[in-house]
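Report on the following structure.
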Amino acid sequence: MNHINQKILLLLDAGFGFVYAYHPGKKWSILKNAYYEWHNINFEELQKELKKLYRSQNIAKKYNPDGSFSIFLTEKGKIKAVHCKFPELLKNKQWDEKWRIVIFDVPEKIRKGRNALRSKLKELGFYELQKSVFVFPYECQKEIRFIIKFFRMEKYARYGVLSAIDNDADLRKVFDLN
């Protein structure tokens, strides 16, 4: 996916971030960034990329009663947009000497969701302690709640904080925390 394509998806997804932002300052920041990014896209490239996004079914158009139309992210587009944002979620964290653990037991009938969750945790840097048990050293409760909700795994996944674990020394090595 090219840079403009990602930017379009993230701009359309900014509405989602706006809704979930708790602090008014954060809402204002999202709006300012979206405005700035939108005005820095070349119009011809924008048209070309929008066509690609329509064809790939990442965005769709909805006609309004007044004759205007709205562009929105499809489910497929939302997944792509979230994938674009994930690398930024857990940057610049300090270790507080506690371990975060994500565990899940997802039925086979929704294996795609389970595999997507597992893949995303690995991508974010979680260590796979067991097939459905992942460990991470940094605070990430909001991010994990978001991921679990996004993949619709609330019923099957749990997040916890451990102050001690018997393989602490090994995990410190895995995360280079010594």
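Selection of first residues in region 48-61 that are in the same structural domain as Phe72 (by TED's automatic domain parsing) and of second residues that are assigned to a helix (DSSP H, G or I) and among the basic types (Lys, Arg), restricted to Cβ pairs under 6 Å at least 6 apart or on distinct chains, gives the following pairs, ordered by first then second residue: Gln57/Lys76; Asn58/Lys76; Asn58/Lys80. Yes or no: Lys155 outside the structural domain of Ser56 (by TED's automatic domain parsing), of a type in the set (Lys, Arg), at pLDDT 85 or above and out of contact with any helix residue (DSSP H, G or I) (no Cβ under 7 Å at 6 or more places or on another chain)? Spelling it out, Lys155 is indeed outside the structural domain of Ser56 (by TED's automatic domain parsing), of a type in the set (Lys, Arg), at pLDDT 85 or above and out of contact with any helix residue (DSSP H, G or I) (no Cβ under 7 Å at 6 or more places or on another chain).
Conditions tested, residue by residue: (1) closer than 30 Å to Ile79 by Cβ; (2) assigned to a helix (DSSP H, G or I).
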| site | (1), (2) |
| --- | --- |
| Phe134 | yes, no |
| Arg145 | yes, yes |
| Arg152 | yes, no |
| Tyr159 | yes, no |
| Ile165 | no, no |
| Arg172 | no, yes |
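Pick out the one residue from Ser119, Ser132 that is hydroxyl-bearing (Ser, Thr, Tyr) and exposed (fewer than 13 other Cβ atoms within 10 Å of the Cβ). Don't jump to the end; show me each part of the working.
Working: Ser132 fails: exposed (fewer than 13 other Cβ atoms within 10 Å of the Cβ).
Unique residue meeting the criteria: Ser119.
Return the residues of region 44-64 that are among the hydrophobic types (A, V, I, L, M, F, W, C) and under 14 Å from Lys76 (Cα atoms); say none if nothing qualifies.
Taking region 44-64 first, the residues among the hydrophobic types (A, V, I, L, M, F, W, C) are 46, 50, 53, 59-60.
Leu53, Ile59, Ala60, listed by residue number.
Counting the residues of region 98-112 that are assigned to a helix (DSSP H, G or I) and either in contact with a Ser or Thr (Cβ under 7 Å, 6 or more places away or on another chain) or buried (at least 18 other Cβ atoms within 10 Å of the Cβ) (or both) gives 0. The residues listed here are Lys85, Lys78, Lys93; of these, the one that is at pLDDT below 80, in contact with a Phe, Trp or Tyr (Cβ under 8 Å, 6 or more places away or on another chain), more than 12 Å from Cys140 (Cα to Cα) and among the charged types (D, E, K, R) is Lys78.
The values are calculated or read from the model by the stated rules, or taken from the named source; none is laboratory data. Everything numeric here is computed off the predicted structure, so don't read it as measured data. Cβ coordinates were reconstructed from backbone atoms using ideal geometry, including for glycine residues, and neighbour counts include every protein chain displayed.
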